[in-house]
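**Student:** Starting off with a structure, shown below.
The values are calculated or read from the model by the stated rules, or taken from the named source; none is laboratory data. Model, not experiment: these values are computed from the prediction. Please note: Cβ atoms are built from the backbone with ideal geometry, for glycine as well, and neighbour counts cover all protein chains shown. Protein only, heavy atoms only, side chains kept; ligands, DNA and RNA dropped before computing areas. Shrake-Rupley method; radii C 1.70, N 1.55, O 1.52, S 1.80 Å.
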Amino acid sequence: MTKNSGKPNQTLKISKLILIAAQFLSFISNKLTVSFAARLFTTPTKHKLPKREVTMDQKSRQESVFIPSIKKEIVVYHYGDSPKKILLMHGWSGRGTQLVKFADALLANVYMTISFDAPAHGKSKGNTTLLPEFIESILELEKKFGPFEAAVGHSLGGIALLNSVRRGLQIDKLTIVGAADIISDITDQFVAKLELDAKYSVLLRDHFEKKHQISMDSFSAWHAAALTPIPVLVVHDADDDEVPVKCAYHIHENLPNGQLMITQQLGHRKILGDKKVIAQTIDFFKS
């Protein structure tokens, strides 16, 4: 499969001090540089809860759930009370209430939602995590609280859900919003943001693959999409400046049963509150 040439152009700012540290280490040792980059790559930012998410935070029933396969606890949100359950999955540096507009609309349509703070995110403990831990958390929550009728995933959460379906998550339909695609593109972009030589992207992937005994690119969204038989709605904004819209086209091309919705001028996060996107998702779930 030809690699998608579009690379995530994340707007996350890296401090001058971190850039200086990365450059300094690169003159001393490749190993130290990779360790430094790996720590940064696996450390999400915990943001203050926005006002728009306060009501969901207050009204949801919350509990800590231990994920045996990764030996970590996560905080789970139960929002509403219906046998028709929808799983919501936030992206990197997000939290379980981030898809609140989806949750409120689903609640109004007689669904309840289950969401969670991924390891090292939101109220969950820890400082570092990686995509496989998102997937393990999803699969454990299915055992405890499933079955789920459908799921919605934003950004990295979309990749996690596609991979979870490949691993056996039993849902009827899936919507992914602003999902990135090829994992090596993500590491390439991250290394470029650190202003390091491109060789460190390969070294970084080698580091993770040796440590976790996994192939990072095997988690790429297009690869999981090709093995996802259920209907999938791919939503992406043409003006997303963090994850290029080419990712959506490439994922859609590889889906056996996919639909594509391209929006305009919503970017990577405003799209989560767009009424048309939410309405299309609910119609998709009901059809």
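**Student:** Quick one: what are the phi-derived ³J(HN,Hα) couplings along segment 134-150, Karplus 6.51/-1.76/1.60 with θ = phi - 60°, whole Hz, x for glycine and proline?
**Tutor:** For segment 134-150, the Karplus-derived couplings read 4, 5, 4, 5, 4, 5, 5, 5, 4, 4, 7, 10, x, x, 9, 6, 7 Hz, x marking Gly and Pro.
**Student:** What are the residues whose amide H is under 5 Å from the amide H of Gln259, where those residues sit 5 or more places off or on another chain and H is modelled from the backbone?
**Tutor:** Val232, Leu233, Val234
**Student:** Over 25 Å between C-alpha atoms is what I'm after, so list which of Lys46/Lys193; Lys72/Lys101; Lys72/Lys276; Lys48/Lys276 land there. Please report the intermediate quantities before stating the final value.
**Tutor:** On the way: Lys46/Lys193 20 Å; Lys72/Lys101 28 Å; Lys72/Lys276 37 Å; Lys48/Lys276 27 Å.
Beyond 25 Å between Cα atoms: Lys72/Lys101; Lys72/Lys276; Lys48/Lys276.
**Student:** To continue, here is another question. Please give the calculated 222 nm ellipticity per residue for the chain, where each DSSP H segment of at least 4 residues contributes -39500 (n - 2.57) and the sum is spread over every residue; nearest 500 deg cm²/dmol?
**Tutor:** Computed ellipticity for the chain at 222 nm equals -12500 deg cm²/dmol.
**Student:** With a ≥ b ≥ c taken as the square roots of the eigenvalues of the C-alpha gyration tensor of segment 38-187, please select rounded if a/c is under 1.5 and otherwise prolate if a/b is larger than b/c or oblate if it is not?
**Tutor:** rounded
**Student:** At a 1.4 Å probe radius, carbon and sulfur cover how many percent of the accessible area of segment 95-248?
**Tutor:** Roughly 53 percent of what the probe reaches on segment 95-248 is carbon or sulfur.
**Student:** Next question, about the same structure. Set Lys and Arg Cβ to +1 and Asp and Glu Cβ to -1, take the dipole of the chain about its Cα centre, and tell me which of Ala225, Phe24, Ile114 lies farthest positive.
**Tutor:** Positive-end residue among those listed: Phe24.
**Student:** Quick one: helix 183-193 against the long Cα principal axis of the chain, what's the angle to the nearest 10°, folded into 0 to 90?
**Tutor:** 50
**Student:** Extent of segment 197-245 along each principal axis, from alpha carbon coordinates, in Å, largest to smallest?
**Tutor:** For segment 197-245, the Cα spread along each principal axis is 34, 29, 12 Å.
**Student:** Another question, if that's okay. Per 0.36 nm of contour for each residue apart, how much would the distance between Ile262 and Lys246 grow if the chain were fully extended, relative to their Cα-Cα spacing? The partial results should precede the final answer.
**Tutor:** Values: separation 16, 0.36 × 16 = 5.76 nm, distance 1.07 nm.
Taking 0.36 nm per residue and subtracting the Cα distance, the gain is 4.7 nm.
**Student:** Using a Förster distance of 51 angstrom, determine the FRET efficiency expected from the C-beta separation of Ser287 and Thr55, and round it to 0.05.
**Tutor:** Calculated transfer efficiency: 0.95.
**Student:** Could you tally the net charge around Val65, taking each other residue with its Cβ under 9 Å from the Cβ of Val65, Lys/Arg +1 and Asp/Glu -1?
**Tutor:** Summing Lys/Arg as +1 and Asp/Glu as -1 gives -2.
**Student:** Distance from the Cα centre of segment 76-115 to that of segment 249-287, in angstrom?
**Tutor:** About 17 Å separates the Cα centre of segment 76-115 from the one of segment 249-287.
**Student:** Give me, ordered by chain and number, the residues 5 or more places off Ser93 or on other chains with an amide H under 5 Å from its own placed amide H.
**Tutor:** Under 5 Å from the amide H of Ser93: Thr45.
**Student:** Moving on to the next point. Return the sequence-ordered ³J(HN,Hα) values of segment 102-114 in whole Hz as given by the Karplus equation 6.51 cos²θ - 1.76 cosθ + 1.60 applied to θ = phi - 60°, using x for Gly and Pro.
**Tutor:** These are the phi-based 3J(HN,Hα) values: 5, 4, 5, 5, 5, 4, 5, 9, 6, 10, 10, 10, 10 Hz.
**Student:** Compute the accessible area per residue over the chain, keeping the other protein chains in place, probe 1.4 Å, unit Å².
**Tutor:** For the chain, the solvent-accessible area averages 46 Å² per residue.
**Student:** Starting from the Cα gyration tensor of segment 236-287, take the square roots of the eigenvalues, sort them a ≥ b ≥ c, and report rounded, prolate or oblate (rounded when a/c is under 1.5, otherwise prolate if a/b is larger than b/c, else oblate).
**Tutor:** Since a/c reaches 1.5 but b/c is at least a/b, the shape of segment 236-287 is classed as oblate.
**Student:** Moving on. I'd like the orientation of helix 30-41 relative to the chain: the angle between its Cα long axis and the longest Cα principal axis, in ° from 0 to 90, rounded to 10.
**Tutor:** 20
**Student:** Can you bin segment 194-287 into rounded, prolate or oblate? Criterion: square roots of the alpha carbon gyration tensor eigenvalues sorted a ≥ b ≥ c, rounded for a/c under 1.5, prolate for a/b above b/c, oblate for the rest.
**Tutor:** Numbers: a/c = 2.85, a/b = 1.59, b/c = 1.79.
It is oblate, given that a/c is not under 1.5 and a/b is not larger than b/c.
**Student:** Need one number: % antiparallel among DSSP beta bridges in the chain, to the nearest 5.
**Tutor:** For the chain, the DSSP antiparallel bridge percentage is about 35.
**Student:** When the chain is fully extended, how far beyond the present Cα-Cα distance does Asn109 get from Asn127, taking 0.36 nm per residue of separation?
**Tutor:** Result: 2.9 nm gained on full extension.
**Student:** Along each of the three principal axes of the Cα atoms of the chain, give the extent in whole Å, ordering the values from largest to smallest.
**Tutor:** Reported extents, whole Å, longest axis first: 59, 38, 34.
**Student:** So for segment 133-252, Kirkwood radius off the Cα pairs, Stokes-Einstein at 20 °C and 1.002 mPa s: how many µm² s⁻¹?
**Tutor:** Details: Rh = 15.0 Å.
Answer from the Stokes-Einstein relation: 142 µm²/s.
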